[in-house]
Amino acid sequence: MPQHALIVFCHKCDGFPVVAVTTGTRHRDGSRATTRVTCQACQGTGRTALTPASHGQAVTGA
């Protein structure tokens, strides 16, 4: 019988998997130079599957 995983927001990035981080430099027009960084825990999806152990904690709030 297949088991279904409960999909929740990633606990590391809180659902914001890709962010723009400033490099500290500026372009000629004065705007800031940024680089995109993805969450390593969810690989940029924003969601993770709960393991059986963490599912019990999420349901009971323990």
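For residue 53, are the conditions met, namely being modelled with pLDDT under 85 and either open to solvent by less than 100 Å² (accessible area, probe 1.4 Å) or outside any strand (DSSP E or B) (or both)? For residue 53, the condition - modelled with pLDDT under 85 and either open to solvent by less than 100 Å² (accessible area, probe 1.4 Å) or outside any strand (DSSP E or B) (or both) - is met. Take residue 38 and decide whether it is hydroxyl-bearing (Ser, Thr, Tyr) and either under 19 Å from the mean Cα position of the chain (by Cα) or open to solvent by 100 Å² or more (accessible area, probe 1.4 Å) (or both). It is true that residue 38 is hydroxyl-bearing (Ser, Thr, Tyr) and either under 19 Å from the mean Cα position of the chain (by Cα) or open to solvent by 100 Å² or more (accessible area, probe 1.4 Å) (or both). Residues satisfying the criterion are present in the stretch 1-9 (criterion: modelled with pLDDT under 85 and among the aromatic types (Phe, Trp, Tyr)).
The values are calculated or read from the model by the stated rules, or taken from the named source; none is laboratory data. Predicted model, so just to flag it, every value in this text is computed and none were measured. What goes into the accessible areas is simple: the full protein's heavy atoms, side chains included, and nothing from ligands, DNA or RNA. Shrake-Rupley method; radii C 1.70, N 1.55, O 1.52, S 1.80 Å.
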